[in-house]
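Inspection log for the structure reproduced underneath, given as structure tokens.
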Amino acid sequence: MTIQSPTPFPGPQAAPAQIAFDRRELGAIMSLYGRMVAAGEWRDYGLSFLRDVAVFSVFRRAAENPLYRIEKRPALRSRQGMYAVIGMDGQILKRGHDLPTVLRVLERKLIRPID
């Protein structure tokens, strides 16, 4: 008698049901988010975990369109890089393989001259 499992263990080629940020990635994003909130630039955020992309959206106010979207697309890992920062108008501000490097495009907003 052979017993079969009703849900077989997915193999290494099985695609995940949804893409998500891992702990290290969220740590880097939340560190930047905290500094921008303290500077008064950002006030709210939203997370979306879809089948092919994970998105961290940044808002100035909760009722607006996002100022920036930080996206993770693993399908682009071997091409341009799976991380991207996208502006409010849909323009890609920075894309790359290393999340902290990609986030530096937003950190420049924190540097201001002192009067």
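The values are calculated or read from the model by the stated rules, or taken from the named source; none is laboratory data. What you see is a predicted model; the values in this text were computed from it and never measured. Positions of Cβ are generated from backbone atoms using ideal geometry, with glycine treated the same way; all protein chains shown enter the neighbour counts.
Just for the stretch 62-85: of the residues that are hydrophobic (A, V, I, L, M, F, W, C) and touching a Phe, Trp or Tyr at 6+ places or on another chain (Cβ under 7 Å), which one is farthest from F49 (Cα to Cα)?
L67
When residues of the stretch 37-79 are filtered for being β-branched (V, I, T) and assigned to a loop (DSSP other than H, G, I, E, B), how many remain?
Matching residues across the stretch 37-79 total 1.
Residues are listed down the side, and each one gets a yes or a no for (1) under 17 Å from T101 (Cβ atoms); (2) modelled with pLDDT under 85:
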{"site": "A38", "(1), (2)": "no, no"}
{"site": "E71", "(1), (2)": "yes, no"}
{"site": "A75", "(1), (2)": "no, yes"}
{"site": "Y83", "(1), (2)": "yes, no"}
